[in-house]
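Worksheet: one structure, shown below.
Values in this text are rule-based calculations from the coordinates and carry no lab data. Bear in mind that the values here come from a model prediction, so they are computed numbers and not experimental data. Every residue, glycine as well, gets a Cβ built from its backbone with ideal geometry; the counts of neighbours run over all protein chains shown.
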């Protein structure tokens, strides 16, 4: 059999690079497969859907996994097994970007299990794969028979040197003042996520518009590819509607509507409201069982609860939109009561509690050395991260029971949003490895934004000189029949029933991070800008509340926090400080109780010395100074006489040894050196140059005793 000729389409990016989407060559037994290629970057996407849903299933089991093949970049994984294994946080984040963009575009009635697998099979140093993964996933769906209301795509838009750039090269991103990824269909924006260096709201809107225009080209290419594939792609599976018991649905509506309205208008707290809603459906199911007697089936309770939840969502939305009443009684733009406290943990290097309504984060900050940095070993990148943020969400924070199995994808995503928001304000000369840990102790809406606020407070409490405090707020939107409600500081319930939720973080000057998920079609940009401006007002209100706990960064670190000093040494001294087999540096660390690291930067050696003991830190620096000290011609030093010979005295100063020739002992002739000095004496010597024959230092005691004006001996 000859070579298979795939079906493919090409299009160009705004920067002139060509993108190829092809299908029919790889993974042909998958229900849909596509390969996206740009220069040397290649992403293979496959999608498989179960032929029918599992019995009784009423939710959509979608899984998206993005993984990078190390061989695609000519590398072997650095882990113990030397193979790709558990997804890295970076891979999880890309998987989430794709999942959040495509999940809302499957029909509500389609509950067949779907698995999308994305593999980076080739990579290069120029192109970031994260902004092409969703294009590959959508293309695989487009050429399959799986019902999907796409296509979609994602692009990165960065503002670099005042210009908006679509899918910039990797090396240009460090200079970006705004860096976001946008997902959209041909008609609507679905998702936005990114960061900025205190950017303005209008810049974010502009970037979204530019990104959407670029995405339309991607979507058209997928439509063209599907048309070329033909019937396999254009004829989709029939979606079988989920069965509806109209009689039971009507009973739920008649028996529960008024009671749901009463709870929705009660302005109650989370647990009171939950108990009240639970009581309504429990009483209904009890009454239903009594009414039906022998005709009652146990499955009816679960089915009735499903209809109840949909009815509850509809009624709560109506109360908010038509009556202006939120579930807890707040106004649309009102932020829940806030209290903050810093320095709560006495042994931590920095700590804070941030409490907003029924959401609470207890956050700690630890100062570490360069040995504590986090190794990031991806197929395309290998570096050490100095800023680490971990987010923990235990089940008790929402009054539930669940085994603690470590962070899931949600925790990784929330930690990433908080980290990118705070990273923008870290000092550029920070020598420490910083680890922030946010433990969520209560949660009813936007614990990730509580993490940002508590993290900012902990940094200030620790004495880290951040550029400005950062706060975050979660916003929601409900839109129906022309009515729109923009909600500040949304509750968990409001998040679930809303049409858009977005989180915005920033300082008083501008935005440092954002994450938006838009669930409705045709959201006007004017409405989005209005929501962003309302978010800004809420963000600044929260900042003012945070200032009540701490208004300025502490002037100094905590007394028990480690101090770190960085010094620059000549590259030639690195080996001398380390010593053979690390003997010298290990000895200094053991004797002084310090942690010392050395790295080569721009032909210099950067020595970092860290210790919580001030005396030990000082002694370690003195030891290193002795090893790396280079005397300057003309400078005077205190030296100790180590030995005396007929021709001169050997002295030692600042770790260096040298000879003071007998002719340089004194202004007058010296016949016997021991008449002038003894071993152990401290004398002043001047470094007067290097012997051109031997290359050794020339030291003079006589030069320190002469009056520089007339070259005569100084008066006693």
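Measure nothing fancy, just the Cα-based angle from helix 525-547's long axis to the longest principal axis of the chain, in degrees from 0 to 90, nearest 10. Tilt relative to the chain: about 50 degrees.
If I take every Cα pair under 8 Å that is 6 or more residues apart in region 522-641, average their sequence separation and divide by the length, what percent do I get for the relative contact order?
Details: 107 pairs, mean separation 28.5, N = 120.
With pairs under 8 Å counted, the relative contact order is 24 percent.
Projected onto its three principal axes, the C-alpha set of region 338-547 covers 58, 42, 41 Å, listed from the longest axis down. Taking a ≥ b ≥ c as the square roots of the eigenvalues of the alpha-carbon gyration tensor, region 246-323 is classed prolate because a/c is 1.5 or more and a/b outweighs b/c. Mean sequence separation of contacting Cα pairs (under 8 Å, at least six apart), scaled by the length of region 7-234, corresponds to a relative contact order of 21 percent.
For 665, 401, 511, the sequence from fewest to most other C-beta atoms within 10 Å is 401, 665, 511. Measuring max minus min along each principal axis, the C-alpha atoms of region 563-626 give extents of 30, 22, 17 Å (largest first).
Counting other beta carbons within 10 Å of each Cβ, put 273, 170 in order, fewest first.
Sorted ascending by nearby Cβ count, the order is 170, 273.
For the ranges 275-281, 245-251, 208-214, what's the packing order if you count other beta-carbon atoms within 10 Å of each residue, average per peptide, and put the highest first? Walk me through the numbers on the way to the answer.
Values: 275-281: 16.4, 245-251: 13.3, 208-214: 18.6.
The packing order, highest mean first, is 208-214, 275-281, 245-251.
Summing -39500 (n - 2.57) over the DSSP H runs of n ≥ 4 in the chain and dividing by its residue number, what mean residue ellipticity at 222 nm do you reach, to the nearest 500 deg cm²/dmol? Each step should come with its number before you reach the end.
Values: 14 runs with 214 residues, N = 716.
Calculated from helices alone, the mean residue ellipticity at 222 nm is -10000 deg cm²/dmol.
Please compute the length gained on full extension between residue 227 and residue 313, using 0.36 nm multiplied by the number of residues separating them and subtracting their Cα-Cα distance.
On the way: separation 86, 0.36 × 86 = 30.96 nm, distance 3.91 nm.
Extra length from residue 227 to residue 313 when fully extended: 27.1 nm.
If you compute mean projected area of the Cα convex hull in nm² for the structure shown, which of [x] 39.1; [y] 44.2; [z] 41.4 do you land on? Answer label, from the structure shown: [y].
Using mean Cβ contacts within 10 Å as the protection proxy, how do 512-525, 541-554 order, highest first? Could you put the intermediate results ahead of the total?
Details: 512-525: 19.0, 541-554: 16.4.
Peptide ranking by packing, descending: 512-525, 541-554.
A full extension of the chain between residue 283 and residue 54 corresponds to an added length of 79.4 nm, given 0.36 nm per residue minus the alpha carbon distance.
How would you classify region 61-172 from its alpha-carbon gyration tensor, with a ≥ b ≥ c the square roots of the eigenvalues: rounded for a/c under 1.5, else prolate if a/b is greater than b/c, otherwise oblate?
Values: a/c = 2.31, a/b = 1.20, b/c = 1.92.
Oblate shape, in that a/c is at least 1.5 and b/c is the bigger or equal ratio.
For region 233-256, backbone nitrogen atoms closer than 20 Å to the point 7 Å from residue 297 Cα along Cα-to-C-beta are found at 240-253. Expressed as an acute angle from 0 to 90° and rounded to the nearest 10, what is the orientation of the C-alpha long axis of helix 447-462 relative to the principal long axis of the chain? For helix 447-462, the angle is close to 20 degrees. Cα-based radius of gyration for region 169-315, normalised by 2.2 N^0.38 Å, reads 1.70.
For the peptides 85-94, 18-27, 286-295, what is the packing order when you average, over each peptide's residues, the other Cβ atoms within 10 Å and list the highest mean first? Write out the running numbers ahead of the final one.
Values: 85-94: 17.7, 18-27: 19.5, 286-295: 10.7.
So the peptides 85-94, 18-27, 286-295, ranked by packing, come out 18-27, 85-94, 286-295.
Averaging the Cα positions of each part gives two centres, and for region 430-493 and region 332-402 these lie 11 Å apart.
Got the relative contact order for region 563-626 handy, in percent, Cα pairs under 8 Å and 6 or more residues apart? Averaging sequence separation for qualifying contacts and normalising by length gives 39 percent for region 563-626.
Between region 569-625 and region 285-306, what is the separation of their alpha carbon centroids in Å? Their Cα centres are 75 Å away from one another.
Taking label points 7 Å from Cα along the Cα-to-Cβ direction, residue 636 and residue 696 give a separation of 2.5 nm.
Neighbour counts of other Cβ atoms within 10 Å put 64, 9 in the fewest-to-most order 9, 64. Helix 614-628 and the longest principal axis of the C-alpha atoms of the chain enclose an angle of approximately 60°.
In terms of the Cα gyration tensor, with a ≥ b ≥ c the square roots of its eigenvalues, is region 120-208 rounded because a/c is under 1.5, prolate because a/b exceeds b/c, or oblate? Before the final figure, lay out each step's value.
Details: a/c = 3.39, a/b = 1.49, b/c = 2.28.
In terms of gyration-tensor shape, oblate.
Using the Cβ-Cβ distance between residue 544 and residue 496 with R0 set to 22 Å, the FRET efficiency from 1/(1 + (r/R0)^6) comes to roughly 0.15.
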